[in-house]
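Trainee: Can you keep this structure in mind? I'll have questions shortly.
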Amino acid sequence: MWEHAGRGVHLPHLVRPALWLGLSLSLIPLVFLWSTTLGLVLSAIVLRLMLAGVALLAAFTAWRHSPRLKVPAWLGYGLLFAGALTLALRLYEIRSVVLPLWVDSVHHALLIRVIGETGQYPQSLLPYVEIKHLAYHWGYHAVAATWMGISGLPLGTLMLLSGQVLNALHVLTVYALGTYLVRSPLAGLLSAAATGLLSMMPAYYVTWGRYTQLSGLLLLPAVIILSCILVEAPRRSIRLLACNAVALAGLTLVHYRVLVFYAAFMLAYMIFCALRYPRRLPNAVVRLAGVGALAFLLVLPWAAVLARQVLLPAAQKPASLLGTESYNEIDPALLWTTNSRELYATAGVGTLLALVTRRWHVLVVAGWVGILLLLANPNVIGLRPLWLINNHSVIITLFLPVSLLAGYAIAWLLIALDRRSPRTLRTPLRGLAVTAFVLLASFGAWQFRDIVNPVTDIATAADLPALQWAAENTPRDARFLINATPWLSQVYRGTDAGWWLTPLAGRWTSTPPAIYGYGSASYVTNVSRLSAAVAGLQPTAGPELDDLIRANHITHIFIGTKGGPLKGEMFWGRPQFKPVYDHDGVIIFEVVQP
């Protein structure tokens with residue numbers, strides 16, 4: 001698509017692949033949106049045929065139109081080294097992980113399962129969770145379901161591998177954004193290396209299962225670059241406008257919060273653009289407004305769903321949009337983790353250098369950080385914080401602007417040193433710089449090799465056969481009692497692999513994936529009440545446990561290796577509980593009717 005829309009647009013080396021990636025991530029959910037709206041089903045066979053067609057078209061376009069560009073050796077090898085090392089590190093990080101981690105992963109898996117089974121975007125989560133009308137961003141899930149349908153990989157494996165590949169691809173997209181904004185491939189390369197190998201984020205996203213925000217941030221640089229190209233283009237172009245609209249529409253379906261981050265960047269960009277080129281402002285506003293209008297039309301069916309299920313209720317209860325003080329607390333450990341102080345300091349140097357050299361594109365990035373912090377802390381101007389943006393979400397996104405500013409600072413210093421050095425010293429100094437780059441990247445890889453937090457891992461290899469057994473040997477209407485504990489905002493989560501029964505085995509569980517909070521008030525109350533009862537069980541709770549099982553029509557009990565309030569001794573030796581699976585610390589009991 002870009003090869004057709006971007007004819008005549010000159011871009012720095014290796015920026016175009018980031019645009020291809022961003023547009024691909026946007027087109028897939030848009031195809032699902034409109035095929036579902038038209039009543040079509042995208043089965044695995046259809047997806048494979050579509051892939052074959054797209055591959056043939058891409059090969060023809062590359063052969064016919066793609067220019068033959070010579071990439072400088074230092075840039076090609078440098079980016080290849082940073083990207084390959086980051087990918088190897090990301091895969092190594094999950095070497096002992098058997099299922100995606102923590103809370104979000106479970107409902108992400110369920111949405112992917114629903115899309116894979118229906119061939120449509122998830123309009124409801126029935127029969128798995130009692131949510132008849134779902135208003136949750138599903139763009140990542142459509143992409144993952146597409147990959148699952150094409151590859152045939154198991155759901156958990158697909159999420160883990162594809163998630164780490166998406167994480168590593170931030171090296172490419174951050175490089176592209178840094179190179180485009182700074183107009184320096186060296187700055188882009190250093191920014192990419194900082195993101196992939198020196199920053200705690202986005203590497204740590206895997207331990208939270210933050211696949212949706214990860215995908216949104218991967219798409220964000222492409223949307224920003226396309227918007228800047230459109231604004232700075234000497235002539236209006238319908239092709240560029242359409243390309244921008246597709247990318248923006250895709251971002252809308254992938255993650256709402258990242259859409260706000262995009263708006264924050266463009267606000268900073270327009271402010272500095274107006275200061276630098278005041279006469280261009282009206283034309284820029286018109287072009288971006290056109291992009292927004294066209295993007296709105298592209299997501300119109302989904303916009304109607306959001307208006308009906310989110311915006312209208314929010315208009316009736318505006319207080320529901322406000323965040324609490326605890327929700328917006330700053331976690332110092334997260335803000336000042338590992339190399340963050342050094343990266344923040346280097347980014348500060350980059351901001352000062354941009355001020356001195358009047359590099360307004362770089363100052364846009366610094367302004368972007370300021371706007372993000374203001375959005376997360378509107379109390380400084382007398383406003384209440386919103387639930388959509390909080391300090392946590394901003395802190396875990398700072399890696400992107402901080403890497404850009406830090407990369408610019410180091411690149412400026414290296415270039416200045418190279419220009420001011422005698423010719424006889426330039427080669428040794430460049431060799432020293434390359435050596436330092438390799439050593440620092442290797443240090444970062446070693447530093448983050450064990451980034452997965454074991455607390456967020458609720459499954460072990462022993463749990464997988466039990467989940468498979470449950471899928472194959474229990475009736476589809478089986479009702480599993482599983483371990484539970486409180487999580488956030490009165491929502492409960494599972495504590496062991498039993499929580500994965502719904503997305504992997506398609507079975508009902510007493511504590512469903514945390515997305516159950518999107519259900520009706522009565523449903524959420526009932527689930528939370530049952531989960532609270534389980535979380536409060538004591539090992540001696542015999543009659544209380546029996547009443548709980550009888551009242552909720554429980555047919556099976558699943559106790560995983562990680563455990564929880566439910567203990568095997570609560571059921572062993574009692575005639576109404578029949579052990580049907582007992583291997584490697586995983587126990588499944590069947591409730592036998594008297």
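The values are calculated or read from the model by the stated rules, or taken from the named source; none is laboratory data. Quick caveat, the model's predicted, so the values are computed rather than measured. Heads up, the Cβs are rebuilt from the backbone with ideal geometry, glycines too, and the neighbour counts pull from every protein chain shown. All accessible areas refer to the heavy atoms of the entire protein, side chains included, with ligands and DNA or RNA removed. Shrake-Rupley method; radii C 1.70, N 1.55, O 1.52, S 1.80 Å.
Trainee: Quick check: the distance between the Cα centres of region 564-589 and region 182-222, to the nearest angstrom?
Mentor: Each part's Cα centre sits 45 Å from the other's.
Trainee: Next up: Compute the angle between helix 73-93 and the longest alpha-carbon principal axis of the chain, please, reported from 0 to 90 degrees and rounded to the nearest 10.
Mentor: 10
Trainee: From the phi angles alone, apply the Karplus equation (6.51, -1.76, 1.60; θ = phi - 60°) to region 194-202 and give each ³J(HN,Hα) in whole Hz, x where the residue is Gly or Pro.
Mentor: Per residue, the Karplus-derived 3J(HN,Hα) values read 5, 5, x, 10, 10, 9, 5, 9, x Hz.
Trainee: Of 368, 111, 588, whose Cα points farthest to the positive end of the dipole of the chain (charges on the beta-carbon: +1 Lys, Arg; -1 Asp, Glu; origin at the Cα centre)?
Mentor: 368
Trainee: Continuing with this model, one more query. Within the chain, what whole-number % of the accessible surface is contributed by carbon and sulfur, with the 1.4 Å probe and all protein chains included in the calculation?
Mentor: 65
Trainee: Additional query: Can you give me the long-range amide H partners of residue 493? Hydrogens built in the peptide plane at 1.01 Å from N, cutoff under 5 Å, separation of 5 or more residues or another chain.
Mentor: Result for residue 493 returns 485, 487.
Trainee: A further question follows. With angles folded into 0 to 90 degrees, how steeply does helix 238-254 sit against the dominant principal axis of the chain? Use alpha carbons for both and round to 10.
Mentor: The two axes meet at around 30 degrees.
Trainee: Separate question: When all protein chains stay in place, what accessible area (Å², nearest 10, 1.4 Å probe) is found for residue 392?
Mentor: Ignoring ligands and nucleic acids, residue 392 comes out at about 50 Å².
Trainee: Taking the Cα centre of the chain as origin, work out the dipole magnitude from +1 charges on Lys and Arg Cβ and -1 charges on Asp and Glu Cβ, in debye rounded to 20.
Mentor: 2820
Trainee: Given a 1.4 Å probe, how much area per residue of region 525-594 is accessible, in Å²?
Mentor: For region 525-594, the per-residue accessible area is 52 Å².
Trainee: Roughly speaking, what is the centre-to-centre gap between region 349-420 and region 254-277 when only Cα atoms are used, to the nearest Å?
Mentor: 13
Trainee: Next question, about the same structure. Could you please put 588, 371 in sequence from largest to smallest accessible area, using a 1.4 Å probe?
Mentor: These residues rank, largest area first, as 371, 588.
Trainee: Follow-up. Using alpha carbons only, how many angstrom separate the centre of region 432-457 from the centre of region 527-546?
Mentor: 44
Trainee: With loop defined by DSSP as not H, G, I, E or B, and exposure as at most 14 other Cβ atoms within 10 Å, which is the longest segment of the chain clear of exposed trypsin sites (Lys or Arg not before Pro)?
Mentor: 237-357
Trainee: Hey, another quick one. How much length is gained on full extension from residue 456 to residue 300, taking 0.36 nm per residue of separation minus their Cα-Cα distance?
Mentor: Gain in length upon complete extension: 52.4 nm.
Trainee: Let me check I've understood the local charge: for residue 410, count other residues with C-beta under 13 angstrom from its C-beta, Lys and Arg +1, Asp and Glu -1. What total comes out?
Mentor: Cβ neighbours under 13 Å give a net charge of -2.
Trainee: Right, something else. How large is ³J(HN,Hα), in whole Hz, for each residue of region 407-412 in order, when computed from phi with the Karplus curve 6.51 cos²θ - 1.76 cosθ + 1.60 and θ = phi - 60°, using x for Gly and Pro?
Mentor: Once rounded to whole Hz, the list reads x, 5, 4, 5, 4, 4.
Trainee: Residue 581 accessible area, nearest 10 Å², 1.4 Å probe?
Mentor: So the heavy atoms of residue 581 present about 20 Å² to solvent.
Trainee: Sticking with this one: Can you give me the angle between helix 423-447 and the longest principal axis of the chain, using Cα atoms only, in degrees from 0 to 90, rounded to the nearest 10?
Mentor: 10
Trainee: Starting from the Cα-Cα distance between residue 183 and residue 310, subtract it from 0.36 nm times their residue separation and give me the gain in nm to one decimal.
Mentor: Residue separation times 0.36 nm, minus the Cα-Cα distance, leaves 41.6 nm.
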